[in-house]
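Enquirer: Okay, handing you the structure first.
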Amino acid sequence: MLDNLPLILSSLAAGVPPTVFAAVGGIALTIALSAVAGLALLSRHRAVRAVSRVYVEFFRGTSEVVQLFWIFFVLPALVGYQIVPLAAGIVVLGLNHGAYGAEIVRGAVRSVPRAQYDACTALSLSPWDRMRRVVLPQAVVEMLPSFTNLFIQLLKSTALLSLVVVDEIVRRGQLLVPNLGVGEKLTIYLVELLLYLGLAVLVTSGMRLLERRAAARVGRPPTAARSGFATGVAM
Amino acid sequence: MPVEPMVVLDGVHKRYGDTAVLSGLDLRVERGEHVTLIGPSGSGKTTILRLLMGLEAVDAGTIHVGGRCLTHMRRRGAVVPADEKHARAVRRTIGMVFQQFNLFPNMTVLGNLIEAPVRVLGMSEAEATRRAAELLELVGLTDKTHERPTRLSGGQQQRVAIARALAMRPEVLLLDEVTSALDPELVAGVLRLLRLIGESSDITILCVTHEIGFARDFADRVLMFDGGSIVEDGPPERLLVEPRVPRTKEFLAAVLEGR
Ligand SMILES: Nc1ncnc2c1ncn2[C@@H]1O[C@H](COP(=O)(O)OP(=O)(O)O)[C@@H](O)[C@H]1O
Ligand SMILES: [Mg+2]
């Protein structure tokens, strides 16, 4: 059984770059869509709010797998152009998680106390400066922990791309499975678990760093410290 | 020579839902005058300051500040409620300090002080920084220039908030119970600063406070509020010492007893 270990490892490792690529692309698109759609949900204009609301509800309310099939199989038939599997995957991951991210952005912006808006008004700051210089910097601190969760979910969702033949971790594993015995299958799935776990730990550590920095910028102990791990920042 | 009052409220009505807070309030404050508003909680003192600051809109009546109408504007000959832009232009001459300081936690003390002068008044960053340094010296916090507001004591935060309001060179300054959220030992420092500002500038000041001793030597005039109306209006040395209205007497007795 261990004879095949090098093959299993090298084969699954080759799936890591596409997985990482899909995750990074998906995260980038998620950030952009979350910001745009999240702020649109708070717009003064009803039509803008409505468009964003439809986007959020549609992508939260429909299956990611079905969306993936649409973009990969149906859309090309309609427009006569086959989209690269990895690109299709990134688009679906981004659209989906952007819908959740929009709600995170909206909630975080709304959590900034009314008193901060009052202070901006008293200083005659324009609504644009108020958003850019006061509200968003504080809202970002609030939204980061939720985005950490969202990005980890996105990372795990990259496994869906195996369905549209992206050679990521899971598909590499599936290609090996038919020729191997039970023990080796077990090894494959174990390695897959560990690979995702490792990547998730990377995402979490990166985000923790950001969370800590952002919290320091508003003079607050980071989330972890608030729940008990003291850092000695006086409130 | 008659000089136009700095602040004029004419028949101002304000209600929140079913609660009528102000029903036809009239008030004038002269240029450079220091007016202290006293009265029980819920009598509408904060509401008046918030209306003046443009944080709330009047339901009826008008407010003029420095001769300009805050609540209404002319559009094609007709008088219509002020839009955001008009209100912002008039508000520029008014500053406010809040009970809870409301500093921007995402900026340093210096950042708090230069933000509006740079963005709103179009001051250069160098000039705004120079002015901020003067103000921090005035409020005695030069050594905190690069600190985060959350690392300061309440008294220090409130002094920064006062400096931040002054950085906009307001003609009218609104102070809403600026010492009420402070620990007792920090109150005196803030009051001393306000006295200093009152003596060394010609800013018109409306100040809500429960510090009767402070009101006595700071104010030119004291207004006693109850249920949204001014029940007594007079110089502090008279009103605070020999109130004529029973309601004022009761209120002063209650405040003095509570100390
Ligand atoms: N945003 C609001 N919504 C509803 N009611 C309010 C609001 N602000 C003030 N009030 C009510 O208006 C009345 C006057 O309040 P306020 O002006 O804050 O009084 P004061 O500052 O004298 O204590 C109170 O009855 C208060 O409950
Ligand atoms: Mg009040």
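Enquirer: Test of understanding: in a Gaussian network model of chain A with alpha carbons linked when under 10 Å, which of A:A37, A:A200, A:A216 would top the mean-square fluctuation ranking?
Expert: Among A:A37, A:A200, A:A216, the largest mean-square fluctuation in the Gaussian network model of chain A belongs to A:A216.
Enquirer: A follow-up question, please. What is the sum of charges around B:F214, taking Lys and Arg as +1, Asp and Glu as -1, for the other residues whose C-beta is under 10 Å from the C-beta of B:F214?
Expert: +1
Enquirer: How much net charge surrounds A:L125 when only other residues with a Cβ under 10 Å from its Cβ are counted (Lys, Arg +1; Asp, Glu -1)?
Expert: Around A:L125, the surrounding residues sum to +3.
Enquirer: Also: Per residue, how much accessible area does region B:104-169 have with a 1.4 Å probe, in Å²?
Expert: Result: 39 Å² per residue.
Enquirer: Sticking with this one: In the protein assembly as shown, with Lys and Arg counted as +1 and Asp and Glu as -1 at Cβ, which of these residues, B:L27, B:G227, A:V66, has the Cα nearest the positive end of the dipole, that is, farthest along it?
Expert: Farthest towards the positive pole: A:V66.
Enquirer: Further question: State the Kirkwood hydrodynamic radius of chain B in Å, one decimal place, computed from all pairs of distinct Cα atoms.
Expert: Kirkwood radius, chain B: 19.2 Å.
Enquirer: Can I ask one more? For region B:104-169, state what percent of all Cα-Cα pairs lands in each successive 10 Å bin, counting from 0 Å until the bin that includes the largest distance.
Expert: Over region B:104-169, the share of Cα pairs per 10 Å bin runs 25, 60, 15, 0 percent.
Enquirer: Another question, then. In deg cm²/dmol and to the nearest 500, what is the mean residue ellipticity at 222 nm of chain A if only DSSP H runs of at least 4 residues count, each as -39500 (n - 2.57), divided by the residue total?
Expert: Calculated from helices alone, the mean residue ellipticity at 222 nm is -23500 deg cm²/dmol.
Enquirer: Here is a follow-up. Would you please give the residues with an amide H less than 5 Å from that of B:V231, counting only those at least 5 places away or on a separate chain, with H modeled from the backbone geometry?
Expert: Hits under the 5 Å cutoff: B:M224, B:F225, B:D226.
Enquirer: If we count chymotrypsin sites (Phe, Trp or Tyr not before Pro) as exposed when they sit in a DSSP loop and have at most 14 other beta carbons within 10 Å, what is the longest stretch of chain A that avoids them all?
Expert: Formally, the longest exposed-site-free interval is A:82-228.
Enquirer: Go ahead and set up a Gaussian network model of chain A, Cα springs under 10 Å, then flag whichever of A:T62, A:T148, A:T30 fluctuates most.
Expert: Highest fluctuation of the listed residues: A:T62.
Enquirer: What accessible surface, in Å², does a 1.4 Å probe find on B:L136, ignoring ligands, DNA and RNA and rounding to the nearest 10?
Expert: Looks like 0 Å² after rounding.
Enquirer: Kindly point out which whole DSSP H helices in chain A project their C-alpha atoms 15 angstrom or further along the helix axis while averaging a Kyte-Doolittle hydropathy of 0.5 or above.
Expert: For chain A, where a helix must reach 15 Å along its axis and average at least 0.5, the hits are A:16-41, A:85-111, A:136-157, A:182-217.
Enquirer: List the residues of region B:10-37 whose backbone N lies under 14 Å from a point placed 7 Å from the Cα of A:R49 along the Cα-to-Cβ direction.
Expert: Under cut-off, by backbone N: nothing.
Enquirer: If amide H atoms are built 1.01 Å from N in the plane of the peptide, which residues on other chains or at least 5 residues away come under 5 Å of the amide H of B:G61?
Expert: Close amide H contacts, sequence-distant or interchain: B:H13.
Enquirer: Using a 1.4 angstrom probe with every protein chain in place, what is the largest-first accessible-area order of A:M131, B:M224, B:M73?
Expert: From most accessible down to least: A:M131, B:M73, B:M224.
Enquirer: Given a cut-off of 39 Å, what percent of all Cα-Cα pairs of the protein assembly as shown lie beyond it?
Expert: Tail of the P(r) past 39 Å holds 43 percent of the pairs.
Enquirer: Going 7 Å from the Cα of A:S10 along its beta-carbon direction, which residues of region A:183-202 have the amide nitrogen within less than 18 Å of the resulting point?
Expert: A:188
Enquirer: In nm², what is the average projected area of the convex hull enclosing the Cα atoms of chain A?
Expert: Value for chain A: 16.9 nm².
Enquirer: Along the positive direction of the dipole of region B:104-169 (beta-carbon charges: Lys, Arg +1; Asp, Glu -1; about the Cα centre), which of B:M123, B:A167, B:F104 reaches farthest?
Expert: Of the options given, the answer is B:F104.
Enquirer: Another one. In region A:10-27, whose amide N lies under 16 Å from the spot 7 Å out along Cα-to-Cβ of A:L190? List them in ranges.
Expert: A:10, A:12
Enquirer: Treat every Asp and Glu Cβ in the protein assembly as shown as -1 and every Lys and Arg Cβ as +1, leave all other atoms uncharged, and give the resulting dipole magnitude about the Cα centre to the nearest 20 debye.
Expert: 920 debye
Enquirer: Run the 1.4 Å probe and let me know the accessible area of A:S126, rounded to the nearest 10 Å².
Expert: Taking all protein chains as shown, A:S126 has close to 30 Å².
Enquirer: Please work out how much accessible surface B:E56 shows to a 1.4 Å probe, ignoring ligands, DNA and RNA, in Å² rounded to 10.
Expert: Surface open to solvent at B:E56 totals about 40 Å².
Enquirer: Another question, if that's okay. Sorting B:R221, A:R130, B:R74, A:R44 by accessible area (1.4 Å probe), largest first, what list results?
Expert: Of B:R221, A:R130, B:R74, A:R44, the descending order of accessible area is A:R44, B:R74, A:R130, B:R221.
Enquirer: With θ set to phi - 60° and the Karplus curve 6.51 cos²θ - 1.76 cosθ + 1.60, what are the ³J(HN,Hα) couplings of region B:208-219 in order, to the nearest whole Hz, using x for Gly and Pro?
Expert: So the Karplus estimates, Gly and Pro as x, are 8, 7, 10, 7, 5, x, 5, 4, 4, 9, 9, 7 Hz.
Enquirer: To the nearest 20 debye, what is the magnitude of the charge dipole of region A:54-182 about its Cα centre, counting +1 on the Cβ of each Lys and Arg and -1 on the Cβ of each Asp and Glu?
Expert: Approximately 200 debye in magnitude.
Enquirer: Keeping all protein chains in place and using 1.4 angstrom, which order do A:L202, B:L182, A:L39 fall into by accessible surface area, from largest down?
Expert: The most accessible residue leads, giving A:L202, A:L39, B:L182.
Enquirer: Give me the net charge for the shell around B:V160: Cβ to Cβ below 10 angstrom, other residues only, Lys and Arg +1, Asp and Glu -1.
Expert: Result for the neighbourhood of B:V160: +2.
Enquirer: Given +1 on the Cβ of Lys and Arg, -1 on the Cβ of Asp and Glu, and no further charges, what dipole in debye does chain B carry about its Cα centre, rounded to the nearest 20?
Expert: Taking the Cα centre of chain B as origin, the dipole is about 760 debye.
The values are calculated or read from the model by the stated rules, or taken from the named source; none is laboratory data. Just so we're clear, the structure is a prediction, and the values are computed from it rather than from any experiment. All Cβ positions, even for glycine, are placed from backbone atoms using ideal geometry, and neighbour counts span all protein chains on display. Heads up: the accessible areas ignore ligands, DNA and RNA and are worked out on the full protein's heavy atoms, side chains in. Shrake-Rupley method; radii C 1.70, N 1.55, O 1.52, S 1.80 Å.
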